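Structure first, then comments.
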Amino acid sequence: MRPEQAKSLVRIGILENRLALRESLVWAFEHSEMRVVSQTADPVVFLRAIRRTHPAIVIVELFVRGKETPGLIEEALLIQPGLKLIVVASGNAGKLMQQCMQAGAINCVDGFTCPFQLVGLVHAAANQAVKIAARPFIYGTPSGISPTLSAMLSRRELEVLQYIAVGADNLKISAHLSIAERTVKAHVHAIYQKLGLENRTQLALFALRNGIPEPAQSV
């Protein structure tokens, strides 16, 4: 990678106390045109790294500091005003997530299990492709597709993703949606690019974890 290319990549900081997941996040981001400039399990080191490395976006695992996470967010924003913080949690922590949003986090991801869940959201935040919501962005909600995801994908792309999630191939999708197979391929390619995913299995898991409903017509 040339130096000018490295400078243009989205700079990411990570606070995550599970080494395997932290390494998975690094791999996912660095294979999605991003650059991880700091990664640690120590909140103090995390704050020092913000001052030293100037990331554009940081990922904060909620349970590293627990109830003190909103205070950590405020400290980070004092060090670097305008920093975009995304809080993630592997369990249900709705009230604490709301407190993190009030402290200045741009978004929250509840029920976090897969690093690729974050790639599309980070891309959108970095490119300001979506308006940051005043409430947490919750993965796996049964009530329907989140407004953030709807802003990332077109209506047709969401329809294609619904069929992919139930195992339909491009030919079946084209028949159900009454569009050409090459058009389906173009939509699938666009979905990969927007979500930062690489295969249909990852897309299916993404759809499942984001509460995307099954298509209106059964396959």
Is there any pair with a first residue in the stretch 63-78 that is in contact (Cβ under 8 Å) with a residue 12 or more places away in the chain and a second that is in a helix (DSSP H, G or I) and of a type in the set (D, E, K, R) whose Cβ atoms are under 6 Å apart and which are 6 or more apart or on different chains, and what are they? LEU72/ARG65
Looking at GLY13, is it under 24 Å from LYS194 (Cβ atoms) and in contact (Cβ under 8 Å) with a residue 40 or more places away in the chain? yes
Return a yes/no flag: does the stretch 31-53 have any residue that is in contact (Cβ under 8 Å) with a residue 60 or more places away in the chain and buried (at least 19 other Cβ atoms within 10 Å of the Cβ). yes
If I go through the stretch 72-103 residue by residue, how many of them are more than 18 Å from GLY13 (Cβ to Cβ), small (Gly, Ala, Ser) and part of a helix (DSSP H, G or I)? 1
What residue, among those in the stretch 80-95 that are modelled with pLDDT under 90 and surrounded by 19 or more Cβ atoms within 10 Å (Cβ to Cβ), is farthest from the chain's Cα centre (by Cα)? ALA93
For the structure I just gave you, tell me whether SER146 is polar (S, T, N, Q) and at pLDDT 80 or above. no
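Among ALA124, ALA168, which is the only one that is surrounded by 15 or more Cβ atoms within 10 Å (Cβ to Cβ), modelled with pLDDT of 75 or more and closer than 23 Å to MET34 by Cβ?
Going through ALA124, ALA168 in turn, the sole match is ALA124.
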Name the residues in the stretch 173-219 that are under 24 Å from VAL119 (Cα atoms) and assigned to a loop (DSSP other than H, G, I, E, B), would you? GLY196, LEU197, GLU198, ASN199, ASN210, GLY211, ILE212, PRO213, GLU214
Scan the stretch 28-57 residue by residue and report those that are of a type in the set (A, V, I, L, M), in contact with a Phe, Trp or Tyr (Cβ under 8 Å, 6 or more places away or on another chain) and outside any helix (DSSP H, G or I). VAL36
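The values are calculated or read from the model by the stated rules, or taken from the named source; none is laboratory data. Note that the coordinates shown come from a computational prediction; the quantities given were computed from them, not determined experimentally. Quick reminder, even Gly has a Cβ in these numbers, built from the backbone with ideal geometry, and neighbours come from all protein chains shown.
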